[in-house]
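Take a look at the structure set out below.
Values quoted throughout were computed directly from the atomic coordinates according to the rules given, and no laboratory measurement underlies them. Bear in mind the structure is a predicted one, so any value in this text is a computation, not a measurement. Here the Cβ is made from the backbone with ideal geometry for all residues, glycine too, and neighbour counts use every protein chain on show.
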Ligand SMILES: *Cc1c(COP(=O)(O)O)cnc(C)c1O
């Protein structure tokens, strides 16, 4: 684990140099130049193999190069890629129906398709505005995207401050604090927007009590409860959507990330006819949103989650991972947060960035979501044996990381 990184990386070095001369620097220097993948494995341009336990940030739900996704996208690409929203297509109608069905959404519910998570949040913000109110309550540590509207709901000061003033009327309450929520939700509140599990905020579950309180308080105040399931949705936590485990039905839900299995697609789902009626013809739109190619990918993802029994699989392997990590009894590991295959391994020190760097050199892709927390959001098809490769490597990675930061 502690051997130095291989140095013979000619293609990687050359491409990173070209990257830095041609791409805007908002992401910093990329860690790898990836070329192809298979399941939970990816290979870089110098032929090195990595176990991808981040899955394109909870996006590659079926892993890389899944035959069902490849077939669906290839077939659709040979039929129609885009038609504009003057027209519709079979994949668009079918995907909307399928999402509503697996969400258990009541009659009168509806789907708006867009191309990313932030766009889904923007649609939710406009939906909320149509209540005639302007207040939005979000949570401390929340991440809802980078466009200027969504950014107003995102909490992290480093993301927000360079762009203020942002959309007015947004307040952030401490995570999980029911009293704080009760104090701010009222007659001016259009919506409370929450992630069932804060993803970028460190994989921290909201908890059933907080979600139920948010449901009750928004109902009493006549405000919308919007659940941002962009990271938690589409099987990630072991149910189709995380809200289904909390027994809380939202007024609206945002989706993206895993929905397209890697193709860009986002969605706003409105629950019930009253919420659906808030956005009328002409009040929102998207050129690319709901194009047949992305929708065919979404259908392949939902079909495959069904046909491969991936919800049960996610619950089983997610529990296995948590059990094995805690079973190491390593005092440097303080816990495992999250659900299904959205997990953070929490550490007794700020070693996560160094663990991730050493892991990469050892052929494992991990995400240091916080200084003391390693996020895993692998493809839903990841096996117990693959997760065990991580658990078995963890003590050595921690040795290397703690050595360095001593
Ligand atoms: C990733 C994410 C977003 C933003 O999605 P983009 O596709 O990057 O715009 C919004 N909300 C949550 C919870 C996310 O995890």
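Structural remarks
- Bridge type composition, the chain - antiparallel percent by DSSP, nearest 5: 65 percent
- Rounded Å value of the spacing that divides the Cα centres of the range 83-142 and the range 180-195: 20 Å
- DSSP-defined antiparallel bridges as percent of all bridges, the range 193-313, nearest 5: 50 percent
- Between 142, 214, 77, the residue with the greatest mean-square fluctuation in the GNM of the chain (Cα pairs under 10 Å linked by springs) is 77.
- Look at the Cα gyration tensor of the range 5-158: its axes a ≥ b ≥ c give a/c of at least 1.5 with a/b at or below b/c, and that counts as oblate.
- Contour minus Cα-Cα distance for residue 49 and residue 71 (0.36 nm per residue): 5.5 nm
- The length gained on full extension between residue 220 and residue 161, counted as 0.36 nm times the residue separation minus their Cα-Cα distance, comes to 17.9 nm.
- Separation of alpha-carbon centers, the range 287-327 and the range 340-406, rounded to whole Å: 22 Å
- When peptides 228-238, 298-308 are sorted by average Cβ neighbour count within 10 Å, with the highest value leading, the order is 228-238, 298-308.
- Cα-based shape type of the range 357-396, given that a ≥ b ≥ c are square roots of the gyration tensor eigenvalues and the cut on a/c is 1.5: oblate
- Cα gyration tensor shape for the range 64-104, rounded if a/c is under 1.5, else prolate or oblate: oblate
- Volume per residue that the Cα convex hull of the range 68-307 spans, once the total is divided by residue count, Å³: 119 Å³
- Were the residues from residue 187 through residue 21 laid out at 0.36 nm apart, the gain over their Cα-Cα distance would be 54.6 nm.
- Two-decimal Rg/Rh across the chain, once Rg and the Kirkwood Rh are taken from alpha-carbon atoms: 0.97
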